[in-house]
Amino acid sequence: MNRIRVPAVFSQRKRQQGMHSPNLSHGYEIKFNKFVIFIMQRKMGMTRRKFLMELARRKGFRVESELSDSVTHIVAENNSYPEVLDWLKGQAVGDSSRFELLDISWFTACMEAGRPLDSEMKYRLMKTDLSPLLNTPELEVPSFIASKVSQYSCQRKTTLNNYNKKFTDAFEIMADNYEFKENEIFCLEFLRAASVLKFLPFPVTRMKDIQGLPCMGDRIRDVIEEIIEEGESSRANEVLNDERYKSFKQFTSVFGVGVKTSEKWYRKGLRTLEEVKADKTLKLSKMQKAGFLYYEDLVSCVSKAEADAVSFIVKNTVCMFLPDAVVTITGGFRRGKKIGHDIDFLITSPGPREDDDLLHKVVDLWKKQGLLLYCDIIESTFVKEQLPSRKVDAMDNFQKCFAILKFYQPRVEDNSYNTSKNFDMAEVKDWKAIRVDLVITPFEQYAYALLGWTGSRQFGRDLRRYATHERKMILDNHALYDKRKRIFLKAGSEEEIFAHLGLDYVEPWERNA
Ligand code: DCT
Ligand code: MG
């Protein structure tokens, strides 16, 4: 769905455009009359400004040397939104809303395109835009900006650029430890704080830097303060050395082992994976057995190249049985991650037809081809018109398969991906076990499934929390239900879901909360 934002300045701009449209400016023909650009010299310097003005005029843009009444677009470089506002105040401009305030990246994109581009969100200077602060570390992070940072990660854009890894790593250790103790509240507190710091476009170096930010309770501030002062957190270090934490961390690294099983093993006095393997009284599930069997491969991460190669195999196999199937990589790889612990796929096909057998046919073929090391198919439990689940971390009801594929690694001499056993190299292990999740979704639920399975987990949690608390709606991986209107809101794309929720669209690579 297209959401068109019409800023209040438009009507005024139209008037201005009508009044003033000379065909020549500074010796160049004006091709684009609607936009009247002014380039701020502040922090740019006179020479660069002159060069850019000349460049734009040559390309047919109208550029004013002075901040005249006809100016519609102000372009600034290395200036934050408040700095531009301050400068405008100094020019006795009372109402800055009559201009579009844009970053230089808009200008250069226009020059590249050779025509004026829409002033999309990403180019606009706004209150929440902290990125210019990166170039001005001496500038204080004004609390009024920090106070604009939403407590919901679905209202923040979080890329993989984490400037605060030393803090977020410590928080994640604390969160894991609380998860192992089944203390959900403290666990979420640390996860939310980590997510806020991942969003910041600068490294935190002083307590002042976090002033006014959401999710910074006393427990969090204590850890931050110590890391600023000492370079590390003694509490996180204590956790790292804690016997229970160390055991749980090992146990849960096995596919099929969660907190409940770890608790059982720990109570039995087991402390390491070697002890677990040696204990013949334990009854391991089929999943856990596979987890131990392929342990080394599964803990070594999946690369993007491996994900692409497996994606090729999955698409080929699925399309053999359902030619118009749409197979999409979701999870971390869709968010731009270069490594992951598994590969998540969403499979759908246009039209009403649903084929419950598809997944079975796919895994049966892989079994025959010797490519399937493990597989657990869970049948769909979705009931038509069922209300979305209120549980924040509930599993969805799609038919799905948790599998371990035998992925033959490409040989060095040719770059092809083998799909059959290479007998010449029988003694060398030329394959790697890779965890793959396949999820089948009906076409009309595809957008919701895509949004949910793209994650991150924290982003998904906050979307659901936002829907519930801010919109009186319930969201899950199947649907969005408006409780006040008592209707399901249909969506054919992720953009439409964000629009239903009244949220600005967040691209997948900006969901690394
Ligand atoms: N998800 C979901 N319901 C589940 C399991 C997962 O909605 N029952 C969502 C949350 C994140 C996304 O699917 C993918 O999950 P993971 O593979 O666990 O996370 P990831 O972000 O892909 O990270 P990783 O790189 O570790 O695989
Ligand atoms: Mg994943």
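Some points to look at:
- Rolling a 1.4 Å probe over the heavy atoms of the protein chains gives the range 144-276 an accessible area of 48 Å² per residue.
- Burial order of peptide ranges 474-483, 210-219 (average beta-carbon count within 10 Å, highest first): 474-483, 210-219
- Computed accessible area, ARG115, all protein chains, 1.4 angstrom probe, square angstrom: 120 Å²
- Among MET40, MET46, the sequence by solvent-accessible area, most first, with a 1.4 Å probe is MET46, MET40.
- Amide hydrogen neighbours beyond the local backbone of VAL63, cut-off 5 Å, H modeled: ILE37
- Per residue, the convex hull around the alpha carbon atoms of the range 305-379 comes to 108 Å³.
- Among 189-195, 28-34, the order from most to least packed when residues are scored by Cβ within 10 Å on average: 189-195, 28-34
- Share of Cα-Cα pairs in the range 235-279 lying beyond 13 Å, as whole percent: 51 percent
- Taking a ≥ b ≥ c as the square roots of the eigenvalues of the Cα gyration tensor, an a/c ratio of 1.5 or more together with a/b larger than b/c marks the range 231-386 as prolate.
- Packing rank of 307-314, 286-293, where each peptide gets the mean count of other beta carbons within 10 Å, highest leading: 307-314, 286-293
- C-alpha center-to-center spacing [the range 221-249, the range 422-491] in angstrom: 32 Å
- Accessible area, probe 1.4 Å, largest first, for residues LEU365, LEU24, LEU88: LEU24, LEU365, LEU88
- Listed pairs LYS34/LYS89; LYS181/LYS246; LYS260/LYS283; LYS198/LYS400; LYS286/LYS315 exceeding 22 Å between Cα atoms: LYS34/LYS89; LYS198/LYS400; LYS286/LYS315
- Taking all Cα pairs closer than 8 Å and separated by 6 or more residues, the relative contact order of the chain comes to 12 percent.
- Fraction of beta bridges assigned by DSSP in the chain that are antiparallel (%, nearest 5): 65 percent
- Kirkwood hydrodynamic radius computed over the chain comes to 26.7 Å, based on all pairs of distinct alpha carbons.
- For GluC sites (Glu not before Pro), the sites in the range 33-79 that DSSP calls loop and that have at most 12 other Cβ atoms within 10 Å are GLU66.
- Cα centroid separation - the range 158-196 against the range 273-340, whole Å: 25 Å
- Here the range 232-312 has an Rg and Dmax of 15.3, 46 Å, counting Cα atoms alone.
- Note on GLU230: accessible area is roughly 120 Å² with a 1.4 Å probe, heavy atoms of protein only.
- Accessible surface ranking that places the most exposed of ARG221, ARG156, ARG457, ARG244 first, with a 1.4 angstrom probe: ARG457, ARG221, ARG244, ARG156
- Two-decimal Rg/Rh across the range 157-250, once Rg and the Kirkwood Rh are taken from alpha-carbon atoms: 0.96
- Solvent-accessible area assigned to carbon and sulfur over the chain amounts to 52 percent, based on a 1.4 Å probe.
- Among the protein heavy atoms, those of HIS500 account for about 60 Å² of accessible surface (1.4 Å probe, every chain in place).
- For the range 429-469, a Kirkwood hydrodynamic radius built from all Cα pairs, placed in the Stokes-Einstein relation at 37 °C and 0.692 mPa s, yields a translational diffusion coefficient of 262 µm²/s.
- Coarse-grained scattering of the range 190-242 at q = 0.24 Å⁻¹, given as base-10 log I(q)/I(0) from a Debye sum over alpha-carbon atoms: -1.01
The values are calculated or read from the model by the stated rules, or taken from the named source; none is laboratory data. Computed from a predicted model, the values in this text were never measured in an experiment. Every residue, glycine among them, receives a Cβ derived from its backbone with ideal geometry; neighbour counts consider all protein chains shown. Quick note on the areas: whole protein, heavy atoms, side chains included, nothing else; ligands and nucleic acids left out. Shrake-Rupley method; radii C 1.70, N 1.55, O 1.52, S 1.80 Å.
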